[in-house]
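Presented below is the structure to which this report refers.
We did not get these values from a lab; they are worked out from the coordinates using the rules stated. The model shown is predicted, which means the values in this text are computed figures rather than measured ones.
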Amino acid sequence: QEAAGLRGYNYAGRGDQEDVGINDVNEQGRWDFMARDEAILWAWVAGIIDGEGCIRIKKPAGKHPGGLLLSVRMTHLETITRLREITGVGPVIMLKRRTSNLKMVYDWTAKSQEAAAVLRCCFPVLVTKKAQAKLALQYAEIVGLQPRAGYNHSVPISFLERRQKIREAISRLNKNGA
């Protein structure tokens, strides 16, 4: 079966269909914007993210404003590869470290608007990471709305403060074990 991926949907501001947000779920908790078979694949992705995933916002450093990261690390390459095939985003990387029993560790990471797109697709069925996902989607919306910094332009302090509050909230949730 062909991987679902994010192609064809305007999750990251590309494509020819309307943008899909966290409110595009009907009362039964189903996705109205995708076929049943595709929804099953995204439910699987949500399960992997709930169990093994990490949603975080990287701290600003220098001129880099920080950013949304969604990652999964595990020792089972086939699962990580399938995650990449279904989402259509992010690289699969073999890390240099190994587990205590010498198994290789693999990493899949989606960044920025691609991470937000994956979270939008998974949001209806996330459980453990639902609070972090909601904050991450709010962060992605703020980043998408903020003006670009550059010559004679600066990012309004209200945007920076809101981004910082969301980053801190996600960090607190992650420390509490969610």
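Side notes on the structure shown:
- Hydrodynamic analysis of the range 48-141 uses the Kirkwood radius over alpha carbon pairs. Inserted into Stokes-Einstein at 10 °C and 1.306 mPa s, it gives a translational diffusion coefficient of 115 µm²/s.
- The tail of the calculated P(r) for the range 40-103, taken as Cα-Cα distances beyond 13 Å, holds 69 percent of the pairs.
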